[in-house]
Every structure is written in structure tokens, then in C-alpha cells.
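Participant: The following block contains the structure, expressed as C-alpha cells.
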Amino acid sequence: MGLLTATTSFLLIISCGTTENAASAPVPGIDKVINVKEVERIEKTLASDAMRGRRAFTPDIDRAADFIAAEFKSIGLEIWNNNNNYRQEFAMVRTKNIATSGNFDGTVIDEKNIIVITSQSHLKINQSSGYEKVSIKAGTNLQIEARKMVRSNKNLLVLVDKSFSNSFGNLSRLKSSMFKAYTNVVFVLSDTDPARFDIESTHEITEQKLANIVAVLPGKSKKDEYVIFSGHYDHLGVGKPVNGDSIYNGANDDAAGITALIMLSNYFKQVNNNERTIVFAAFTAEEVGGFGSQYFSRQIDADKVMAMFNIEMIGTESKWGKNSAYITGYEKTNMGEILAKDLKGTAFAFYPDPYPQQQLFYRSDNATLARLGVPAHTISTSKMDVEPHYHKLTDHVETLDLTNMTEVIKAITLSSKSIIAGKETPTRVKVDELR
């Protein structure tokens, strides 16, 4: 038995919009837009050998990006944020420290007590350079506070309390791979507030280009309130041959999520009754650090994001069987309860994440916006304790249950209707409770 008949689906979806919208144009049955044939077409394209595993920082990922952008264009979606096209382009820089030195009021600072976050090969600053002086005090969360400062888009001199002596060196991870920026943050482990200072650093800089693929469907009455649907389109690329196969096709991880993204965007565009603005984001570089979603989060006002549906690995049955999926971080907001209410009367059920020990809430592209308070969750069916093809060369389309996957996509569509209509708003994530 399928999730819903075409007639029932029509009635559920039409309730998202206003009476005026409903009367002005016929709404397609969900089965006519979201069906196995279309799911298979998109899946087979994204997970084909021609894509060569879609690894970030290789030409192969560009083929996948072009395909996704072409689908968004064919559907008729708008370009995000006044960009020239669907590609949200940015650069990553990898920095290797060559030399760092400094002094506070003439007293030399040990090099290991200075960490410079910059994309400039040579940086030299002093009290006349216009840097704002801020501090990270004892008893606060060093990593959380440091991340806020790196994200601030300000030139900062950050005085870090010496109580963090044992963990200060961990801040160097912030510069191992970062976005190209025109601001700099200098962390110094010190208990003094200098009147005069000199800091100088030299780095070897390597720049690499990346791009998210982002499209938008403007809302009717609540254009400044956003609902995000997302997935990541990169995978692991090409590796050592095993039984003649060297391509990590990534059919489930995460061609499945991008297939869902395209199907959802097509359906919502055809229905065209969303009161809130819907943003469709195909993220790059999830597998190598989540850089695509991190960059995206800097380009959007998190306070205006009402909910985020991140879709990851929905091509296999969940531990509960067909017509089911789980939501990571279920307990952190009431979003799961809202989705369940909208699915009432259907055969589908969402469950809390059954693998809390694996910290999945923090391991996908929802995490960056969740850390900013957004009710951002990942929807998945993957049996993470026993998934046989996860990050394996055998993650092929043939291993997926495309019929069940189609029902999962329909369920995501139906479960989001109250949020998209602006009738329900999930509670925010309590940032101070996140690790």
C-alpha cells in the first residue's frame, strides 16, 4: 500500500495555501509530480559513473552542480540573493603557518600563545590598525566564543584568559581550512590588556573554489520568513579499485537527498501556495568539513529561518521498515511534533534518532544553523549501526528501495505543510545546551 492516494494527497496539500490561491489554479496530485520514475531518473544521473563520485575540489563535482542548476532552471525557480546564477560561489583557503611573533607593551609573547586567523599571506598589526579588542573570559566556552568571533566579520584582537592554557592550541583548527575573508582575528593567550602591541604573521596560503547550488521560491504573505530544504551533493570521489570498481557513487549518500530536494522544489513550484519563502540548497563539501553549509549560514539571517529540513540518506528502509524515517535532534525542538500532526491519518511515521551515540545531529549540514538557534534537523532512514554500503564503493542505485524513497519524499512534503503555510513555527534550538 502506498503512502497516500493521489486524491488524499491533493486535499492535504491544498490546505497549505489561501482560498484565493486554491481557486485560481488547479493543484497537481502529489503522485503525478513525485513518482518513482522521476526519482530514478535523477538518482541515476547523480550517482552515475560519469559523475566520478562528485568529490569536492575536483572538476567532477562541477558536473553534478551543473545538473542540479539545470533542474532548478527547468522547474522555474528564482535565483537566491540577487546572485547571477544558482551557483553560490566561494573560496576556501588552507593556511600553513610559517612564522608568528608579537609583543604586548614591549614584552615578547611566546609564539605558541598567538593564533592568527587570516587569509592573508602576511599580516602585521598594532594598536593603530583599528582592531577591536575583545576577550574570552574564564568560565565561558572557548570554542563557541572563538567561533562567534571568527564569524563576526570584524578585525579583532582577542585576549584569551590563561585558564584556557591547555586548550588554547585547539583554536588552530579554526585556520586549518576556512573561507577567504577580508577580516582577521588574532587570538592571544594573555591576562594583560596591553596599551601597545605588535603582532606579525606569515602564512602559506592555498585557495580552492567551491559552490553551493541555491534556488528560491518566494513566499506570498511572509516573504521574509524562510523554510530551508537541503542536502549535500558531494561524495568521496574515486579511490583504489576493488573488484574492478573505483568510483564511490554515493547513491544514498547523498544523491538521495538531492533527488528529494529537486522533487520537492518541483512540487512546491507547481502548487505555488507557500506563504513563507522556501529556499532549496544543495550544499558542497559536506564530506570534507561541512564547508558549504557553513558558508551558506553566513549569507542568511538565522533569525529569519523558521525551519530547516536537511535530507540525508533516505534510499534504504529505516529500522522500523517502510513508511518511516527518523529526525536527528528530535528532542531539541518541537518540529517533530508538528510534522507528525501534519502526517496524521497517513501510513507514515517519523521517529526520534535511534543512534544518539553517533551524534548525527552534529554530523550533517543542519548543524551550523542549529548552532545559531534554527530548528534545523536532518531526516534520514539510514541504519547507521548496520548500513552495509555507507561510504563504500557499493553505494549504488541498485541497492536502494526507490519506491520507499519516493514515499519518504512525499511524507516530507506533506509534513511540512503547516510550517510552509506559516501556521506553525517550531521552537528554537537552545544554543547554550549544544556542545
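The values are calculated or read from the model by the stated rules, or taken from the named source; none is laboratory data. All of these numbers come straight from a predicted model, not from anything done at the bench. Methodologically, a virtual Cβ is constructed for each residue, glycine included, from the backbone with ideal geometry; neighbour enumeration extends over all protein chains shown.
Participant: Could you look through region 42-66, keep only residues that are under 19 Å from Leu261 (Cα atoms) and among the β-branched types (Val, Ile, Thr), and pick out the one that is surrounded by the most Cβ atoms within 10 Å (Cβ to Cβ)?
Facilitator: Across region 42-66, the extreme among qualifying residues is Ile61.
Every residue, every condition in (1) surrounded by fewer than 22 Cβ atoms within 10 Å (Cβ to Cβ); (2) touching a Ser or Thr at 6+ places or on another chain (Cβ under 7 Å), yes or no:
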| residue | (1), (2) |
| --- | --- |
| Pro194 | yes, no |
| Ile205 | yes, yes |
| Ala215 | no, yes |
| Gly239 | yes, yes |
| Thr259 | no, no |
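Yes or no, residue by residue, for (1) of a type in the set (Asp, Glu); (2) within 20 Å of the chain's Cα centre (by Cα):
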| position | (1), (2) |
| --- | --- |
| Glu312 | yes, yes |
| Glu317 | yes, no |
| Ser324 | no, no |
| Thr333 | no, yes |
| Gly336 | no, yes |
| Leu343 | no, no |
| Gln359 | no, yes |
| Arg363 | no, yes |
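Participant: Is it the case that some residue within region 238-253 is part of a helix (DSSP H, G or I) and either hydroxyl-bearing (Ser, Thr, Tyr) or in contact with a strand residue (DSSP E or B) (Cβ under 7 Å, 6 or more places away or on another chain) (or both)?
Facilitator: yes
Participant: Another question about this same structure. Collect the residues in region 347-378 that are among the hydroxyl-bearing types (Ser, Thr, Tyr) and modelled with pLDDT under 95, keeping them in residue-number order.
Facilitator: Passing the criteria: Tyr362, Thr368.
Participant: Here's something else I'd like to know. Residues that are closer than 30 Å to Ile205 by Cα and touching a Pro at 6+ places or on another chain (Cβ under 6 Å): does region 97-104 have at least one?
Facilitator: Yes, that holds for at least one residue.
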